[in-house]
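First the structure, in the form of structure tokens, and then the observations on it.
A short reminder: the numbers here are calculations on the coordinates, not readings from a lab. Worth saying up front: this structure is predicted, and the values here are computed from it rather than measured. All Cβ positions, glycine included, derive from the backbone under ideal geometry; neighbour counts span all protein chains shown.
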Amino acid sequence: MRPRTSRSLHFVGSIPADGAEEAMRSMLSWGGPYVRSVTDGEVGDQGRWIADLVNGFAEHPDLTLVSKGEWSNYRDIPRFRVRRGHRLDAGHLDFRRDTDALAALPVFRALRAESRRDDLSFQVGIPGDLDLALFTFGPLGALRHRAVFRQVLAREIRHVHAEAGDDVIFQIEMPAELIVMCRTPRPLCGIMAVLLARGVTKLIRQTLTGTRFGLHLCLGDLNHESLGKPRTTRPLVQIANALARQWPPGRPLEYLHAPLTGGADPVPAEPAYYTPLRDLHLHPRTRFIAGLVQETSTTARLRHALELTETAYGEPVDIAAGCGLARRTPEAAAANAELSRMLCEDAP
């Protein structure tokens, strides 16, 4: 059993590893008793999040490439459209999130038994349907085809849940929603948060009752560069509150991970950045995970940022990096995890 601790260490998803077993063993070694869930490391095609999935659409018979892209930055991304005379159908799409997860499930169960951690969960990352549609079709195409992507993701979540049951927790990964909030004029942020949350919960409502969820708000980490650079935590508070209010019953939202830093940027040291966290209102059973650990920051700066976070939020928080660790070297990833564990060990 996992010892009681007042903080937990969260791995967002990706790990620089050669396979699922190596990734899980690294997370268990780095995090020790502070880890609640482990992932398959999102190795192979998932290491670049959805880049290889989107690239694969070049072979899809119902889609045609409009413009090429090499994913060197946020403007260098391929764009597709549906072929004339064709229709995009959920039955003709396979994102393989279920296939990859179920392939790694026996590895997880064996390591859980070996480590005698029957409290440990298998965390499966699911890209948001809005992100997939935006990166595939651009803004206008996303409005037309997002619902199809939502159907595919919901189908794959149901498939994994049917096989894995309570062993699995699904992490919905949402850069688009947070980036949109960061760019929305402040007078319109309230209504925008409601609309964005409504889109996310449409996906959740298509899953089975009892399915466990976490949310990963994200500032983007393409080539370890963030897309959003908010001046305060207000945008993430507004979308998080809207999600909490609209969350469907019967599908536990167990945590919300919020990036307090993105890419290689240092975690902010200004108290005003964290002040809006006082207005964050999650369900009592939803853990708030502060994505503040950047391995190039000093321990003093990280401890200061954590103190500002918990002072504003009013409660202890869990610890994580701002995003997955696969865009780092193995040494940098291990250093990040070591700092995260240090902050967990600091807790009384």
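Of all residues being surrounded by fewer than 22 Cβ atoms within 10 Å (Cβ to Cβ) and in contact with a strand residue (DSSP E or B) (Cβ under 7 Å, 6 or more places away or on another chain) in the range 128-144, which is nearest to ARG48 (Cα to Cα)? Just the residue, please.
Looking at the filtered set, the residue picked out is GLY138.
For residues that are crowded, with 24+ Cβ neighbours inside 10 Å, small (Gly, Ala, Ser) and assigned to a helix (DSSP H, G or I), scanning just the range 200-256, find the one that is nearest to the chain's Cα centre (by Cα).
ALA240
Here are some residues: ALA154, ALA142. Which one is in contact with a helix residue (DSSP H, G or I) (Cβ under 7 Å, 6 or more places away or on another chain) and without any contact (Cβ under 8 Å) to a residue 24 or more places away in the chain?
ALA142
Out of all the residues in the range 1-21, is one or more under 22 Å from ASP131 (Cβ atoms), basic (Lys, Arg) and free of Cβ contacts under 8 Å to residues at least 40 places away in the same chain?
The first filter runs over the range 1-21 and keeps only residues under 22 Å from ASP131 (Cβ atoms), leaving 10-15.
Subsequent filtering for residues that are basic (Lys, Arg) retains none.
Checked against the condition, which is being under 22 Å from ASP131 (Cβ atoms), basic (Lys, Arg) and free of Cβ contacts under 8 Å to residues at least 40 places away in the same chain, the range 1-21 yields no hits at all.
Listed here are the residues, each with its yes/no results for (1) crowded, with 23+ Cβ neighbours inside 10 Å; (2) without any contact (Cβ under 8 Å) to a residue 24 or more places away in the chain; (3) within 23 Å of ARG48 (Cα to Cα).
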residue	(1), (2), (3)
ARG287	no, no, no
VAL293	yes, no, yes
CYS323	yes, no, yes
ALA332	no, no, yes
ARG341	no, no, no
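When you look at ARG81, is it outside any loop (DSSP other than H, G, I, E, B), surrounded by fewer than 17 Cβ atoms within 10 Å (Cβ to Cβ) and in contact (Cβ under 8 Å) with a residue 12 or more places away in the chain, yes or no?
When the stated conditions are applied, ARG81 does not pass them.
How many residues, within the range 195-227, are aliphatic (A, V, I, L, M) and either without any contact (Cβ under 8 Å) to a residue 12 or more places away in the chain or farther than 25 Å from VAL152 by Cβ (or both)?
2
Considering only the range 58-78, state which residues are under 26 Å from the mean Cα position of the chain (by Cα) and either part of a loop (DSSP other than H, G, I, E, B) or within 24 Å of GLY263 (Cβ to Cβ) (or both).
GLY69, GLU70, TRP71, SER72, ASN73, TYR74, ARG75, ASP76, ILE77, PRO78 - these are the residues of the range 58-78 that are under 26 Å from the mean Cα position of the chain (by Cα) and either part of a loop (DSSP other than H, G, I, E, B) or within 24 Å of GLY263 (Cβ to Cβ) (or both).
Could you tell me whether LEU260 is hydrophobic (A, V, I, L, M, F, W, C) and touching a residue at least 60 places away in the same chain (Cβ under 8 Å)? Working first, answer last.
Working: hydrophobic (A, V, I, L, M, F, W, C): yes; touching a residue at least 60 places away in the same chain (Cβ under 8 Å): yes.
Spelling it out, LEU260 is indeed hydrophobic (A, V, I, L, M, F, W, C) and touching a residue at least 60 places away in the same chain (Cβ under 8 Å).
I'd like the full set of residues that are among the hydrophobic types (A, V, I, L, M, F, W, C) and under 27 Å from ASN223 (Cβ atoms), limited to the range 66-102.
Residues satisfying the conditions are VAL66, TRP71, ILE77, PHE80, LEU93, PHE95, ALA101.
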